[in-house]
Structures are given as structure tokens and as C-alpha cells.
Amino acid sequence: MIVVMKPEAPQEAVDEVVKIIKDIGYTPHLLAGEIQTVIAAVGDGREKSRIESMESLKHVEKVVPILKPYKLTSRETTPADSIIKVRDVEIGGKHIAVMAGPCSVEGEDQIIGVAKSVKEAGANILRGGAFKPRTSPYSFQGMAEDGLKLLEKARNETGLPIVTEVLNPRDLELICKYTDIVQIGARNMQNFSLLKEVGLIDKPILLKRGLANTIDEWLMSAEYILAGGNRQVILCERGIRTFETATRNTLDLSAVPVVKSKTHLPVIIDPSHGTGYWQYVGDLAKAAVAVGADGLMIEVHNQPEIAFSDGAQSLKPKKFATLMDELRPIAKAVGRTI
Ligand code: PEP
Ligand code: MN
């Protein structure tokens, strides 16, 4: 339920509503309202009538139900677009965020070299995996803390904030010492214990869509994070499994307008994992900007042919720079900058 306070409601009246919500066993979430205080009361549906009866309080304007199961993620509770701030970068505003870098951090020369070239081309966030979710246990699993240290070094040299993936709640504290954005990969989208953990931290979370998950399931996963108190969630569509084998995944570009109609959270597109082949990445990146994505995640490697992971879908720095130039007029045409 959403409790909308009257514009002139004093703080004590807001405190009283918060107390009643807590006493009933619900969780109050204060939402940003331009003129009025709005409080979302989130619970399991029991004692709903006691929340509804708060409409009779002097300073309460109305109590309205939240129809969607993803209460805090829904546009019903937060009509305005959320903008997520990471150091001096904003995700969800007019400027399209570009997260670029290798699939895996492989060594100092590689990550620093790629970081410098993507920055030069106009990317504003550096990506790189230090803990890698691999299909085979014999494949490269990532450099772990050594990789995180190299990402930190790359940030120090370029000023680019970093995004890296957490696979296991056990590594979260360590990863948070280094990273600016914590990535939850497609395979962990419904790892509810991991979602609960990242709901408790004060860092933006990049939540990738699961390989075989519906948009509503994806938004319910975002809800786990918001319900824990962390409202800084960025959604990332990275392709889903279909019968098609010509591409690694089927990139669901329709997810952008659909998700934007349902939630206030920013949505970005990953055309690298979405297609699996560098040859298609540029065209899908352009389509993503045209369809209204708030950002892109693109894999870039200085020597894709010898990359430890995902070389086939990685752009060389020069191709990435050309793509950035080609994206600018498209961004302008849809009222954005890149
Ligand atoms: C990645 O970003 O390198 C990655 C493993 O992504 P996904 O979870 O989308 O497969
Ligand atoms: Mn990858």
C-alpha cells in the first residue's frame, strides 16, 4: 500500500504513520515526493485493512494499493525515472552510460591498456571480471583479488569507475573494497541469498536478466534488492535463450520500452553477450540507443583472438572507438548524448 501524506503534514504525523506500519509488521519505505511525503508500506498482505484505515488520520491524504507484486521497483510507487550516481557518472539521465572493457581481467598491460583506449573513445565506466561464471570448471575462473587490484589501478590511471561481478556472497565484502558497481550476472539473477546480501550494501547493483527469465521475474529480483534498502539498481538485458542458434543468445530489445513502462529503474543493453559475435555488436548497440536504453555494456579486448574468455564477441579498441562515433548522431536523434 502507498500512504500519501497531505502536503502540510508535519514530521510527527509522518513518524506516526511509520510507527503504525512497523507495528503491523510491515516495512515502511519513504519515497521521494516533490511536494508530499509518500510512504510505501510493504508486507505480506495480512492486516491490509489496518493500513487502509490510516486514511482516516488527519494528515493522510489517501491510501492506495500497489497493484504490482514488485512494489518498490514499480512505477506505481516512483513515477519519475531513477538516476543512479556512480562517482561523477549518472546512469538513467540524458547522457547514455557506456560500460566497456574486457570480459575478464587477464593482466596489468591488458586491463590498463583497454581502460585507456575505451576512456579515450568516450566510455565512462570500465568493466572487467575478476570472478568468472564459466560453464566448465576447467575454464579460466578469473584472477580474483589480484584482478580487483588491477581494476583499482586502472581506475586510478583513468578515473573511470569500475563494475565487476560477484558470484558468491562470501566474496562480496572483498569486492566492495574495490568496485564502484557490483554486477549480478545472468546466472545469479535468481540467487535470492545473493540478492538479499546486495540489498544491504550501499553501492549500485547492475542486475543482469537471467538466461531464461521473464521480465516480471527479473523485476521481482530487483525487488529483493530494493526491499533490502538498496534502491540503486541498474537493469541489464543481455539476451535470452531461444531456439535460435545463429547468435549466442537472442537479444530482447523490446525489453527496453517494456521494462521502462513498468519500472523507474534505468535499463542498459549488453549486445556482446546478447549476440556472441563482435560482427553484430555495433548494429545492436545502435538499435539499443535508438530504442531508448540508458546505457550499454560492451566487451572490448586489445587481442580478442587470445582472450581468456569471450574473445569472439569482443571489439578491438579501434572498432569500439568507431562505434562510439557512430552512436553519437543516433543518441542525438533520440534526445540523448553519449
Ligand atoms: C559478463 O558480463 O562477462 C557475464 C558473464 O555476463 P552474463 O552474466 O550476462 O553472462
Ligand atoms: Mn563475458
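The values are calculated or read from the model by the stated rules, or taken from the named source; none is laboratory data. What you see is a predicted model, and the numbers here were worked out from it, not measured in a lab. Counting neighbours? That spans all protein chains shown, and the Cβs are built from the backbone with ideal geometry, glycine included. Protein only, heavy atoms only, side chains kept; ligands, DNA and RNA dropped before computing areas. Shrake-Rupley method; radii C 1.70, N 1.55, O 1.52, S 1.80 Å.
Using +1 at the Cβ of each Lys and Arg and -1 at the Cβ of each Asp and Glu in the range 2-64, identify which of 30, 49, 11 lies farthest towards the dipole's positive end.
Checking the options against the dipole of the range 2-64, the answer is 49.
Output the peptides 196-204, 116-124 sorted from most to least packed, where packing is the average of other Cβ atoms within 10 Å over each peptide's residues. Write down the numbers at each step before the final one.
Working: 196-204: 17.6, 116-124: 20.2.
Result, highest mean Cβ count within 10 Å first: 116-124, 196-204.
Counting other Cβ atoms within 10 Å, keep those with at most 12, restrict to DSSP loop, and tell me which GluC sites (Glu not before Pro) in the range 234-334 are left.
Taking the range 234-334 and a limit of 12 other Cβ atoms within 10 Å, the loop GluC sites (Glu not before Pro) found are 244.
Let me know the longest stretch in the chain that avoids all chymotrypsin sites (Phe, Trp or Tyr not before Pro) found in a DSSP loop with at most 11 other C-beta atoms within 10 Å.
It runs 1-137.
What part of the accessible area of the chain, given as a whole %, is carbon or sulfur when the probe is 1.4 angstrom?
Details: 7650 of 14800 Å².
About 52 percent, which is the carbon plus sulfur part of the accessible surface.
Quick one: 3J(HN,Hα) in Hz for the range 225-237, Karplus 6.51/-1.76/1.60 with θ = phi - 60°, rounded, Gly and Pro as x.
After applying 6.51 cos²θ - 1.76 cosθ + 1.60, I find 6, 5, 5, x, x, 9, 9, 8, 10, 10, 8, 9, 7 Hz.
Between the alpha-carbon centers of the range 176-208 and the range 22-94, tell me the distance in whole angstrom.
What the calculation gives is 22 Å, centre to centre.
Rounded to a whole number, what is D in µm²/s for the range 43-102 from Stokes-Einstein with the Kirkwood radius over alpha-carbon pairs (4 °C, 1.567 mPa s)?
In µm²/s, the coefficient is 86.
Expressed in nm to one decimal, what extension gain is obtained for the pair residue 52 and residue 247 from 0.36 nm per residue of sequence separation less their Cα-Cα distance?
Stretched out fully, the residue 52 to residue 247 stretch lengthens by 65.2 nm.
Considering only DSSP beta bridges with both partners in the chain, what is the antiparallel share in %, to the nearest 5? Don't jump to the answer; show the numbers that get you there.
On the way: 17 of 44 bridges.
Close to 40 percent.
With the Cα gyration tensor of the range 89-143 giving a ≥ b ≥ c as the square roots of its eigenvalues, does the rule (a/c under 1.5 for rounded; else a/b larger than b/c for prolate; else oblate) give rounded, prolate or oblate?
oblate
Place +1 on the Cβ of every Lys and Arg and -1 on the Cβ of every Asp and Glu in the chain, take the dipole about the Cα centre, and give the residue among 137, 65, 281 whose Cα lies farthest towards its positive end.
Checking the options against the dipole of the chain, the answer is 281.
Would you pull out the residues with amide H under 5 Å of residue 239's amide H, same chain only if 5 or more places away, H placed 1.01 Å from N?
Those qualifying (amide H under 5 Å, at least 5 residues apart or on another chain) are 252.
Along the range 181-188, what does the Karplus equation 6.51 cos²θ - 1.76 cosθ + 1.60 (θ = phi - 60°) give for ³J(HN,Hα), rounded to whole Hz, x for Gly and Pro?
In residue order, the calculated couplings are 10, 9, 9, 9, x, 3, 5, 10 Hz.
Taking 8 Å as the Cα distance limit and 6 or more residues as the minimum spacing, I'd like the relative contact order of the range 2-64 as a percentage.
46 percent
Of the candidates 209, 46, 134, which one comes out as most mobile in a Gaussian network treatment of the chain with C-alpha springs shorter than 10 Å?
Looking only at 209, 46, 134, the biggest GNM fluctuation is shown by 46.
Give the Debye-formula value of log10 I(q)/I(0) at each listed q (0.09, 0.10 Å⁻¹), with one equal scatterer per alpha carbon of the range 221-338, two decimals each.
-0.27, -0.33
On a full-extension model of 0.36 nm per residue, what is the gain between residue 94 and residue 12, subtracting their alpha-carbon distance, rounded to one decimal in nm?
Difference between extended and current length: 25.8 nm.
Can you tell me the dipole magnitude for the range 229-338 around its Cα centre, using point charges on the Cβ only (Lys, Arg +1; Asp, Glu -1), in Debye to the nearest 20? Write out the running numbers ahead of the final one.
On the way: 13 positive and 11 negative charges, 67 e Å.
It comes to approximately 320 debye.
Which whole-Hz couplings ³J(HN,Hα) result when phi for each residue of the range 56-65 is put into the Karplus expression 6.51 cos²θ - 1.76 cosθ + 1.60, θ = phi - 60°, listed in order with x for Gly and Pro?
7, 5, 3, 9, 9, 7, 7, 10, 10, x
Dipole magnitude of the chain about its Cα centre, charges +1 at Lys/Arg Cβ and -1 at Asp/Glu Cβ only, in debye to the nearest 20?
That gives a dipole near 380 debye.
Whose amide H sits under 5 Å from the amide H of residue 104, counting only residues 5 or more places off or on another chain, with H placed in the peptide plane?
The answer is 129, 309.
Find the relative contact order for the range 1-123 and round it to a whole percent, using C-alpha pairs within less than 8 Å whose residues are 6+ positions apart.
23 percent
Mind listing the Cα extents of the range 93-206 along all three principal axes, in Å, largest one first?
Reported extents, whole Å, longest axis first: 38, 38, 23.
May I ask for the percentage of alpha-carbon pairs in the range 2-64 that lie more than 14 Å from each other?
Distances greater than 14 Å cover 49 percent of the Cα pairs.
If you scale each eigenvalue of the Cα gyration tensor by 5 and take the root, what three semi-axes come out for the chain, rounded to whole angstrom and sorted largest first?
With the √(5λ) rule applied to the chain, the semi-axes are 38, 20, 18 Å.
Considering Cα pairs under 8 angstrom that are at least six residues apart, work out the relative contact order of the range 138-239 and quote it in whole percent.
Dividing the mean separation by the residue count of the range 138-239 yields 22 percent.
Rounded to the nearest 500, what is the 222 nm mean residue ellipticity of the chain from helices alone, with -39500 (n - 2.57) per DSSP H run of 4+ residues and division by all residues?
Calculated mean residue ellipticity at 222 nm is -10500 deg cm²/dmol.
Would you grab the residues whose amide H sits under 5 Å from the one on residue 183? Only those 5+ places off in sequence or on another chain, please, with H modelled 1.01 Å from N.
164, 165, 166, 206
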